[in-house]
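> Below is a structure I'd like to ask you about.
The values are calculated or read from the model by the stated rules, or taken from the named source; none is laboratory data. All of these numbers come straight from a predicted model, not from anything done at the bench. In this analysis, Cβ positions are derived from the backbone assuming ideal geometry, glycine residues included, and neighbour counts consider all displayed protein chains. Areas reflect the complete protein model, heavy atoms only, side chains present, ligands, DNA and RNA absent. Shrake-Rupley method; radii C 1.70, N 1.55, O 1.52, S 1.80 Å.
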Amino acid sequence: MKRSRNVLTHSDSKNYDFASIKDESQQQKPHENIAQLSTLHSSKSTNGNSMEQEYQPTQPQTKKQKVWRQGTLHFHSVGRTVSSHQQPSRDSTPCSADSPIIINDDDECENHVTSSSSKTVFMKQTQLVETFLINDKITGTQVKHISNFVSPRDSKILFNKLLEMCKFQTKDYNFGGKVVTSPRKYTFLTKESPQFYIPELVQLKERVEKYTGEVFNGVLVNRYDNGQDSIMWHADKEKSLNQGCSIVSISLGQARDFQFRPRKDVAVYDQIKSMGVLTTKLEDGAMVIMNDKTQLYYEHCVPKRKNVHGMRINLTFRNSKYY
Ligand SMILES: O=C(O)CCC(=O)C(=O)O
Ligand SMILES: [Fe+2]
């Protein structure tokens, strides 16, 4: 089987470390700004509801940003591309080094138009690169990663709006007879929640829906204040979720490791266990699409990390029977 660094199939070796690939987003360092802001927020209020230290995006919509976006293409040039003006294929084949996926997302064009006369000059295509994290033919599991789905500027704006407007809480649950408090804060937004209609969130949901061709009626917002916050190994297999739907994750702020491993309780475990633990890094603006099979055969987590200090907000778009 043909293998590339960005492709992981069930037969790939253990502890595949996606983060070891050159990370050009470090050059831009949007995370540092958010991380600093996040530290301020987290030390100031328990629910992060503060306007005083709101981050003001300073990055202009200049050529520089465009160059940086193009830089991500280089970073992912070992991936697979989807050609211009196409929705990504719903039945994508395994990616390979000679066929990277590049998606031109025209949605953002208008955001970068500075005046009507310069429209054609500034009209640009935002190129998104889609990479398989898991493409498992045995179970039909597909997990795709798209970097920079949300621009650094839009990420900061939404990050601040969510911090300001959401009421984050922890949850106590029973773990082996002991009451344990969730090591992160979260809120679940449905169409009954005013925050569901934050304009930037509505726009993001629409973009996610357009990209995936699916609809989502709820969004779980997880807030990880620093590297001590985490989510343990789990699969999102709630009965309330509509079957056949993907779960789409969007990362804002501090980059965090994200891990997958095959579930031990499935009949095909012996056939997929060689994957071991897959570790990838979810950067600011990244999207991960987990198809429906993912939750049936794999589990995932965000592990604690000692040297991580900034705040991350993660959105998972879901489709529930009850909303
Ligand atoms: O924070 C993340 O990236 C994952 C969140 C998650 O797995 C969940 O909310 O079920
Ligand atoms: Fe999850």
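> Against the condition loosely packed, with under 15 Cβ neighbours inside 10 Å, at positive phi and away from ligand 2 (no atom under 11 Å from the Cβ), how does Gly253 come out, does it pass?
On the way: loosely packed, with under 15 Cβ neighbours inside 10 Å: no; at positive phi: yes; away from ligand 2 (no atom under 11 Å from the Cβ): yes.
No; evaluated as a whole, the condition is false for this residue.
> Taking Val215 as the residue in question, decide whether it is more than 11 Å from ligand 2 (Cβ to nearest atom) and closer than 17 Å to Thr187 by Cα.
Values: more than 11 Å from ligand 2 (Cβ to nearest atom): yes; closer than 17 Å to Thr187 by Cα: no.
No: the conditions fail for Val215.
> Taking the criterion of being within 16 Å of the chain's Cα centre (by Cα), crowded, with 16+ Cβ neighbours inside 10 Å and within 14 Å of ligand 2 (Cβ to nearest atom), would at least one residue in segment 260-271 satisfy it? Talk me through it step by step, then tell me what you get.
Of segment 260-271, the ones within 16 Å of the chain's Cα centre (by Cα) are 260.
Next, only the ones that are crowded, with 16+ Cβ neighbours inside 10 Å stay: 260.
Applying the additional criterion that residues be within 14 Å of ligand 2 (Cβ to nearest atom) yields 260.
Yes: segment 260-271 contains one or more residues that are within 16 Å of the chain's Cα centre (by Cα), crowded, with 16+ Cβ neighbours inside 10 Å and within 14 Å of ligand 2 (Cβ to nearest atom).
> Check segment 184-196 and report whether any residue there is within 11 Å of ligand 1 (Cβ to nearest atom), open to solvent by 10 Å² or more (accessible area, probe 1.4 Å), part of a loop (DSSP other than H, G, I, E, B) and not basic (Lys, Arg).
We begin by selecting, within segment 184-196, every residue within 11 Å of ligand 1 (Cβ to nearest atom); these are 184, 186, 188.
Among the residues that remain, those that are also open to solvent by 10 Å² or more (accessible area, probe 1.4 Å) are: 184, 186, 188.
Among the residues that remain, those that are also part of a loop (DSSP other than H, G, I, E, B) are: 184.
Among the residues that remain, those that are also not basic (Lys, Arg) are: none.
Scanning segment 184-196 turns up no residue that is within 11 Å of ligand 1 (Cβ to nearest atom), open to solvent by 10 Å² or more (accessible area, probe 1.4 Å), part of a loop (DSSP other than H, G, I, E, B) and not basic (Lys, Arg).
> Can you find a residue in segment 216-231 that is within 11 Å of ligand 1 (Cβ to nearest atom) and either in a loop (DSSP other than H, G, I, E, B) or without any contact (Cβ under 8 Å) to a residue 40 or more places away in the chain (or both)?
Within segment 216-231 (the criterion being within 11 Å of ligand 1 (Cβ to nearest atom) and either in a loop (DSSP other than H, G, I, E, B) or without any contact (Cβ under 8 Å) to a residue 40 or more places away in the chain (or both)), the answer is yes, since at least one residue qualifies.
> Right, next: Restricting segment 197-210 to residues that are in a helix (DSSP H, G or I) and open to solvent by less than 20 Å² (accessible area, probe 1.4 Å), which is farthest from Leu163 (Cα to Cα)? Please lay out each step first, then the result.
First, the residues of segment 197-210 that are in a helix (DSSP H, G or I): 197, 199-210.
Going one step further and asking which of them are open to solvent by less than 20 Å² (accessible area, probe 1.4 Å), we end up with 201, 204, 208.
Working: Leu201: 13, Leu204: 16, Val208: 21 Å.
For segment 197-210, the residue satisfying everything is Val208.
> Would you please list the contacts, defined by Cβ atoms under 7 Å and residues six or more apart or on different chains, that run from a residue in segment 153-166 that is under 10 Å from Glu200 (Cα atoms) and touching a residue at least 24 places away in the same chain (Cβ under 8 Å) to a residue that is of a type in the set (D, E, K, R) and surrounded by fewer than 24 Cβ atoms within 10 Å (Cβ to Cβ)?
Close Cβ pairs (under 7 Å, with a partner that is of a type in the set (D, E, K, R) and surrounded by fewer than 24 Cβ atoms within 10 Å (Cβ to Cβ)) amount to Asp154/Glu200; Ile157/Glu200; Leu158/Glu200; Lys161/Glu200.
> Asn222 fails exactly one of the following numbered conditions: (1) within 16 Å of ligand 2 (Cβ to nearest atom); (2) out of contact with any Phe, Trp or Tyr (no Cβ under 8 Å at 6 or more places or on another chain); (3) not aromatic (Phe, Trp, Tyr). What is the number of that condition?
Looking at each condition in turn, Asn222 falls short on (2).
> Out of all the residues in segment 143-157, which are closer than 16 Å to Met287 by Cβ, of a type outside the set (D, E, K, R) and either open to solvent by 30 Å² or more (accessible area, probe 1.4 Å) or outside any strand (DSSP E or B) (or both)?
Passing the criteria: Ser147, Asn148, Phe149, Val150, Ser151, Pro152, Ser155.
> Criterion first (within 16 Å of the chain's Cα centre (by Cα), basic (Lys, Arg) and more than 25 Å from His234 (Cβ to Cβ)) does Lys156 satisfy it? Walk me through it before giving the result.
Working: within 16 Å of the chain's Cα centre (by Cα): yes; basic (Lys, Arg): yes; more than 25 Å from His234 (Cβ to Cβ): yes.
Here the answer is yes, as Lys156 does meet what is asked.
For (1) away from ligand 2 (no atom under 13 Å from the Cβ); (2) open to solvent by 50 Å² or more (accessible area, probe 1.4 Å); (3) over 26 Å from Phe168 (Cβ atoms); (4) in contact (Cβ under 8 Å) with a residue 24 or more places away in the chain, each residue gets a yes or a no:
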| residue | (1), (2), (3), (4) |
| --- | --- |
| Lys273 | yes, yes, yes, no |
| Leu278 | yes, no, yes, yes |
| Met287 | yes, no, no, yes |
| Val302 | no, no, no, yes |
| Arg305 | yes, yes, no, yes |
| Met311 | yes, no, no, yes |
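> Among (1) open to solvent by 30 Å² or more (accessible area, probe 1.4 Å); (2) within 16 Å of ligand 2 (Cβ to nearest atom); (3) aliphatic (A, V, I, L, M), there is one condition Leu241 misses while meeting the rest; what is its number?
(1)
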